1. List the pairs whose first member sits in region 81-95 and is within 20 Å of D59 (Cβ to Cβ) and at pLDDT 95 or above, whose second member is crowded, with 16+ Cβ neighbours inside 10 Å and aromatic (F, W, Y), and whose Cβ atoms are under 6 Å apart, counting only residues at least 6 apart or on separate chains?
2. So which of R121, R35, R88 ends up being among the basic types (K, R) and surrounded by 14 or more Cβ atoms within 10 Å (Cβ to Cβ)?
3. Can you name the number of the only condition in (1) under 15 Å from the mean Cα position of the chain (by Cα); (2) touching a residue at least 40 places away in the same chain (Cβ under 8 Å) that R35 fails?
4. Would you mention how many residues in region 83-121 are among the hydrophobic types (A, V, I, L, M, F, W, C), in a loop (DSSP other than H, G, I, E, B) and within 15 Å of V40 (Cβ to Cβ)?
5. Taking region 60-112 as the region of interest, how many residues are among the acidic types (D, E) and more than 21 Å from G39 (Cβ to Cβ)?
Amino acid sequence: MSASLPPPARGRDDLGHLILLAAADVEAMPWEPLRGLAGVHHKVVWQSGDAVLGFIRVDSGAVKPEHTHHGAHHHILITRGSATMLGRPFTAGAYLYIPPGTPHEVADVGPEGCTFFYTYRPVEIPVR
């Protein structure tokens, strides 16, 4: 059983709704260019406000340049291929947690490219 993705979220939907995507459904989702970076694509599978879960694919020879998320937690699980991140080589099955304020990049991408599942969750600041 599968459910379609909701329209892109503008606000937060913390109660959410059920999304069931079989492997074929995720595979069939189109890859979209990521911020004009050559050879870097993504597909979003869930979003609520600025919190996002999805996949990023970096083609062999491409680079996702160093950048910093100052106000967000970033989790990465490499699902296919290999690349260097934070100065270390990683392959499929590797997990990285990148805390807010940590510069990171995707470089030295292997011959089959590198695909990873990611979460991007803004830091929650309590309201007083």
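The values are calculated or read from the model by the stated rules, or taken from the named source; none is laboratory data. This structure is a prediction, so every number in the text was calculated from the model and none was measured. Neighbour counts are summed over all protein chains in view; Cβ atoms, including those assigned to glycine, are modelled from backbone coordinates with ideal geometry.
1. If the second residue must be crowded, with 16+ Cβ neighbours inside 10 Å and aromatic (F, W, Y), no pairs are left.
2. Details: R35 fails: surrounded by 14 or more Cβ atoms within 10 Å (Cβ to Cβ); R88 fails: surrounded by 14 or more Cβ atoms within 10 Å (Cβ to Cβ).
That would be R121, the only listed residue that is among the basic types (K, R) and surrounded by 14 or more Cβ atoms within 10 Å (Cβ to Cβ).
3. The single condition R35 does not satisfy is (2).
4. We begin by selecting, within region 83-121, every residue among the hydrophobic types (A, V, I, L, M, F, W, C); these are 83, 85-86, 90, 92, 94, 96, 98, 106-107, 109, 114, 116-117.
Add one more test, that the residue is in a loop (DSSP other than H, G, I, E, B), and what stays is 86, 92, 94, 109.
Retained after the next criterion (residues that are within 15 Å of V40 (Cβ to Cβ)): 109.
Here the count works out to 1.
5. Step one: filter region 60-112 for residues among the acidic types (D, E), giving 66, 105, 108, 112.
When the remaining residues are screened for being more than 21 Å from G39 (Cβ to Cβ), the result is none.
Looking only at that region, the number is 0.
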